[in-house]
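Shown next, in structure tokens, is the structure this report addresses.
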Amino acid sequence: MIIIMEPKASKENIDRVVQVLTEHEFRVIVNQGEIHTVIDAFGDKTSITPGRISALEGVKEVKIIREPFRLASRDRKSEDTVIEFANGVKIGGANKPVMIVGPCSVESEYEGLRQVAIAAKEMGCEFLRGGAFKPRTSPYDFQGYEEKALKYLKRASEETGLLTVTEVMDSADLELICSYVDVIQIGARNMQNFKLLRDVGKSKKPVILKRGLSSTIREFLLAAEHIMYNGNENVILCERGIRSFDSTFTRNVMDIASIPVIKKYSHLPIIADPSHGTGQRYLIEPMAKASLIVGADGVMAEVHHDPENALSDGKQSLSIPMFKDMMTRVNAMKEHLHYEKNCLSANVD
Ligand code: PEP
Ligand code: MN
């Protein structure tokens, strides 16, 4: 890290910073400038945090050179993480991007979910996703059918062979949820629920971690770090849009740039969710395509058998015909992207 001292910092202030750093086994170089003294410190940041240094008298600013996430970082692992499932489906690296689709909430009748699952299978998707425990802004909104919904997901998986995904909101439900589905999701609202991250870390189940409602990319990667630090390296990141000042036309601002940024700094796979990212069904296809072009390892989209009557997020859900129509074009594009990725890895070798 680099410590910039205030112009008025005294020699005692500077000596104190040097003393604290050397006590924590940092190698220190003091650069006396005309206005500021700048201290370069090389060492292990786990022994003393930048926050403690910035609290010392006379310190103006502490700049971190190495990113605080370690396990999730490309510096630690240069090759892409690939998460592989028992049926051979793989997420990440040079593998074909995956499609994760389904209704926002699994609803009371199995038939609707079955129709979506059959269409998903027919169009070559790998995952069926549906909410059983729903994080709703209002307590008066539909909260999910819980275990009944998990049973429907399992039944649809048995019928179609699709892998399944559902959200966990509470550690107390983790074991039950893990017994029904192949992937657990941590939703945007829980991205910084550190107890949940820790508990999901202790399980080995692959996890889709969605970006927090207004989190920075660094906070997002640090949330992944919590899961990995606790023992689960099977983390799939998901860009789902962030809050910004303009919500006049879209529900969130989908940060497409976060995809190549994360690819640069982390080896973890990242997928995109244009349903929550935009809140508009007409934007799902263009944003899905844009995400794939910039390197997303998959796309998550909400698909409902009857969006107008969906119990949640109907406006951002595709009907089955719209979904099939979109998939004909997305599949054609995926073939091309796959070819490009293969060429890229052939050139690297
Ligand atoms: C969801 O995936 O249904 C959901 C609630 O998403 P998010 O956590 O991104 O809002
Ligand atoms: Mn939803």
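The values are calculated or read from the model by the stated rules, or taken from the named source; none is laboratory data. All figures in this text were calculated on a predicted structure; none of them were measured in a lab. All Cβ positions, glycine included, derive from the backbone under ideal geometry; neighbour counts span all protein chains shown. Ligands, DNA and RNA are stripped out before the accessible areas are found, and what is left, the full protein with its side chains, is counted by its heavy atoms. Shrake-Rupley method; radii C 1.70, N 1.55, O 1.52, S 1.80 Å.
Some notes on this structure:
- Selected residue (criterion: most open to solvent (accessible area, probe 1.4 Å)) from residues of the range 194-245 that are closer than 24 Å to G279 by Cα and polar (S, T, N, Q): S214
- The sole residue among A257, A310 that is aliphatic (A, V, I, L, M) and away from ligand 2 (no atom under 16 Å from the Cβ) is A257.
- Answer residue from the range 263-276, given it is open to solvent by less than 10 Å² (accessible area, probe 1.4 Å) and closer than 11 Å to E302 by Cα and is farthest from ligand 2 (Cβ to nearest atom) among those: P274
- Hits in the range 277-305 - residues which are within 16 Å of ligand 2 (Cβ to nearest atom), not in a helix (DSSP H, G or I) and not hydrophobic (A, V, I, L, M, F, W, C): G279, Q280, E302, H304, H305
- Only one of the listed residues (A120, A149) is within 14 Å of ligand 1 (Cβ to nearest atom), over 22 Å from the mean Cα position of the chain (by Cα) and not in a loop (DSSP other than H, G, I, E, B). That residue is A149.
- The range 302-313, subset crowded, with 18+ Cβ neighbours inside 10 Å and at negative phi, residue farthest from ligand 1 (Cβ to nearest atom): H305
- Answer from E23, E61 - the residue that is within 30 Å of P260 (Cβ to Cβ) and either touching a helix residue (DSSP H, G or I) at 6+ places or on another chain (Cβ under 8 Å) or surrounded by fewer than 15 Cβ atoms within 10 Å (Cβ to Cβ) (or both): E61
- Only a single item in (1) among the aliphatic types (A, V, I, L, M); (2) touching a strand residue (DSSP E or B) at 6+ places or on another chain (Cβ under 9 Å); (3) closer than 23 Å to A224 by Cα is not met by A94, and it is number (2).
- Any hit, the range 39-59, residues being among the basic types (K, R), farther than 30 Å from A94 by Cα, in contact with a strand residue (DSSP E or B) (Cβ under 8 Å, 6 or more places away or on another chain) and outside the structural domain of L222 (by TED's automatic domain parsing): no
- Looking only at residues of the range 314-333 that are surrounded by fewer than 23 Cβ atoms within 10 Å (Cβ to Cβ) and among the hydroxyl-bearing types (S, T, Y), we find that the one that is farthest from G102 (Cα to Cα) is T328.
- Which listed residue is open to solvent by less than 40 Å² (accessible area, probe 1.4 Å), under 17 Å from the mean Cα position of the chain (by Cα) and at pLDDT 95 or above, from V106, V98: V98
- When the range 114-138 is filtered for residues that are closer than 15 Å to S312 by Cα and crowded, with 24+ Cβ neighbours inside 10 Å, the ones remaining, listed by number, are R129, G130, G131, A132.
- Failed condition for F249, given (1) crowded, with 16+ Cβ neighbours inside 10 Å; (2) touching a helix residue (DSSP H, G or I) at 6+ places or on another chain (Cβ under 9 Å); (3) over 16 Å from A120 (Cα atoms): (1)
- Residue match in the range 148-168 (condition: at pLDDT 95 or above, open to solvent by less than 50 Å² (accessible area, probe 1.4 Å), basic (K, R) and in contact with a strand residue (DSSP E or B) (Cβ under 9 Å, 6 or more places away or on another chain)): no
- Given (1) over 25 Å from I118 (Cα atoms); (2) at pLDDT 95 or above, index of the condition S244 fails: (2)
- Output for the range 158-177, where each listed residue is assigned to a loop (DSSP other than H, G, I, E, B) and touching a residue at least 60 places away in the same chain (Cβ under 8 Å): G161
- Test: residue in the range 123-137 that is assigned to a helix (DSSP H, G or I) and either more than 13 Å from ligand 1 (Cβ to nearest atom) or of a type in the set (V, I, T) (or both): no
- The residues in the range 41-76 that are more than 30 Å from N234 (Cα to Cα) and of a type in the set (K, R) can be counted, and the count is 3.
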